[in-house]
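Single-structure report; data block below.
Just so it is clear, none of the values below were taken in a lab; they were calculated from the coordinates. Worth saying up front: this structure is predicted, and the values here are computed from it rather than measured. Note that each Cβ is placed from the backbone with ideal geometry, even for glycine, and that neighbours are counted across all protein chains shown.
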Amino acid sequence: MSERSYRATAGKRLWAGLQVLVFRALTAVVDAGSPGIRFGVGHAVRRRLLERSLVSLSAAPGRSTEALSPDLLRKPTRPQPLVALVTRTLGTGGVETIVATLARGLPERGLDCIVLCERGGSTADALRGLGVAVFEAHDAASADSILAAAGPVVAAQLHNAPGHLIDAFTRRGIPIVPVVHTTDINLSEEDWLKQSDLLDRSAAVVAVSETVKAFFENHLPRRAPVTVTVVPNGVTVRASLDPGLARMRLAAAIDAELGETVVIVCLARYDMQKNVPGLVRAFLDAAGENHDARLVVAGPVEDWLEYAHADAIRRAHPNKGRVHLLGSSSSPDILDAADAFVLDSFFEGWPVAASEAIMAGLPLVISDVGGAHELVGNRGERGEICANPAGAPATITLAEIGAARRRAMQSNSAAITTALRVILHDIARWRERKDQLARDAAVWLGADAMVDSHAALLRTVGVVREEAP
């Protein structure tokens with residue numbers, strides 16, 4: 001490298017380093033601001049100032065997006081008891097994935113479904129294309145009209161459902177079953193009182209992990225009148241691409257030669273929860289020991305400050321070329337090209353992307369969040385678990401997360417770095433075990449197991465009796 005090129009490179013790294021400081025300071029301002037600054041109009045302003053076009057990896061031509069399991073596609077041949085799946089939005093995300101899987105799978109278990117949401121999106125459109133009845137109810141009047149036309153509903157399962165939809169069912173005396181999807185750090189004391197009131201009206205409660213159950217029960221101002229049942233988030237078994245083809249397509253997308261390079265992926269939104277800036281810094285520290293590894297992050301950008309902060313950290317590092325920050329992409333295609341999966345979130349209920357990674361046969365490196373212990377296994381047979389970057393997952397607070405986001409080096413950075421190095425050092429063994437990991441995961445983490453558990457609970461709540469053959 002010529003002296004001129006060296007100075008130009010050093011100048012760019014210095015500029016990126018200054019941006020890191022600015023973005024970290026802006027993060028602190030956002031965290032201290034009102035909900036409107038943190039979300040709402042704040043998101044819109046940050047998008048206008050920082051948005052840019054991102055590289056994405058689309059699904060391979062001709063790749064089926066349907067489940068391999070016929071149970072999730074078969075249509076019932078006779079009328080069955082009707083249940084409602086109720087949520088806020090049906091765009092993209094883990095909750096939407098679970099709602100869609102249940103909507104497709106419950107009819108084979110003897111329960112017809114309708115889906116009610118406040119706002120639709122890509123998942124709503126996909127379900128309608130499969131023949132699932134999906135309705136948007138923006139207010140109480142529209143919810144009442146929909147339920148009046150739907151016919152008798154024996155039970156309603158709530159997935160982050162808005163209040164006006166919950167009230168529509170309780171007014172009719174329809175049993176409700178809240179599903180708790182995350183360790184919700186944003187709830188005030190008044191909100192937790194409302195949660196207790198909701199449980200007083202509930203026939204049963206589901207939590208997606210033991211961590212979520214503990215967090216939920218620890219924060220309730222009074223003991224829940226019903227038992228909280230844990231049902232992990234299962235995912236659909238999907239056809240895999242040839243690994244060679246998958247890696248060729250990813251290499252073309254990121255404009256890099258892969259060869260035998262270890263590809264570590266993170267499928268996550270760019271937002272406060274997922275902590276992509278912290279992950280990028282930890283990975284670059286791990287990659288500094290001459291490991292031939294690349295980190296590929298892919299997901300929608302919900303907060304452009306998060307993306308800009310992560311990208312500045314990348315550009316300020318000598319190994320910046322080992323990190324690739326993609327936009328929304330085809331998760332199966334990226335997982336088929338990968339060797340391992342990493343997630344350094346502050347909080348989760350049960351990360352669906354991590355379930356998908358295990359089902360693809362990939363080892364995990366994951367922070368201590370909801371579902372982490374179950375996913376990794378008691379003996380670390382499916383990867384490495386690290387300390388949470390902000391605090392104990394069952395009691396974590398928004399203030400602790402804000403403090404962690406302001407640190408140049410998060411408290412678990414060394415643990416994440418060490419875990420990544422352990423996986424990299426043993427990558428040959430993980431590659432050999434890939435098919436076996438996928439087969440084992442399909443038994444307990446597949447969509448069928450999850451839908452079976454939800455169906456059994458809904459049949460009990462809705463007093464649905466099995467008919468004699």
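Under 5 Å between amide hydrogens, built in the peptide plane, is the criterion, and for ASN388 it picks out ASP368 among residues at least 5 positions away or on other chains. The value of relative contact order for the chain, using C-alpha pairs under 8 Å at least six residues apart, is 18 percent.
Using a cut-off of 14 Å between beta-carbons, work out the net charge of the residues near ALA428 (Lys and Arg +1, Asp and Glu -1, ALA428 not included). Combined, the nearby Lys, Arg, Asp and Glu give -1.
Computed from backbone phi, the HN-Hα couplings of the stretch 133-138 come to 7, 10, 10, 9, 10, 7 Hz, rounded to whole numbers (Karplus: 6.51 cos²θ - 1.76 cosθ + 1.60, θ = phi - 60°; Gly and Pro given as x).
Residues LYS213, LYS12, arranged from fewest to most other Cβ atoms within 10 angstrom of their Cβ, appear as LYS12, LYS213. The calculated FRET efficiency for the pair ALA449 and GLU217, based on their C-beta separation and a Förster distance of 30 Å, comes to about 0.80.
Working from label points 7 Å from Cα in the Cα-to-Cβ sense, the ARG201 to ALA414 distance is 5.0 nm. In summary, the lysines within cross-link reach of LYS320, defined as a Cα separation below 18 angstrom excluding same-chain residues under 8 places away, comprise LYS12. Under 5 Å between amide hydrogens, built in the peptide plane, is the criterion, and for ASN275 it picks out PHE346 among residues at least 5 positions away or on other chains.
For LYS213, the lysines whose Cα falls under 19 Å of its own Cα, not counting residues fewer than eight places away in the same chain, are LYS194. Each residue of the stretch 320-327 was assigned a 3J(HN,Hα) from its phi angle through the Karplus curve 6.51 cos²θ - 1.76 cosθ + 1.60 (θ = phi - 60°); the sequence is 4, x, 8, 10, 10, 10, 9, x Hz, with glycine and proline shown as x. Taking the helices alone, the chain has a mean residue ellipticity at 222 nm of -14000 deg cm²/dmol, built from -39,500 (n - 2.57) per DSSP H run of at least 4 residues and averaged over all its residues.
Take ALA32 and ALA428, extend 7 Å from each Cα along the Cα→Cβ direction, and tell me the distance between the two endpoints in nm. So the label points at ALA32 and ALA428 sit 5.3 nm apart. Residues whose amide H comes within less than 5 Å of that of CYS266, counting only those at least five positions distant or on another chain, are VAL296, VAL297, ALA298, VAL342 (H built at 1.01 Å from N in the peptide plane). How much length would be gained if the chain were fully extended between ALA126 and ALA150, taking 0.36 nm per residue of separation minus their Cα-Cα distance, in nm to one decimal? Extra length available between ALA126 and ALA150 comes to 6.6 nm.
Membrane-span-like helices in the chain, defined here as complete DSSP H runs extending at least 30 Å along the helix axis by their C-alpha atoms with mean Kyte-Doolittle hydropathy no lower than -0.5, are 3-32; this is a sequence and geometry rule, not a statement about a membrane. Residue exposure proxy: ILE264, ILE313, ordered by other Cβ atoms within 10 angstrom of their Cβ from fewest to most, comes out as ILE313, ILE264. Free of any GluC sites (Glu not before Pro) that DSSP assigns to a loop and that have at most 16 other C-beta atoms within 10 Å, the longest stretch within the chain is 67-256.
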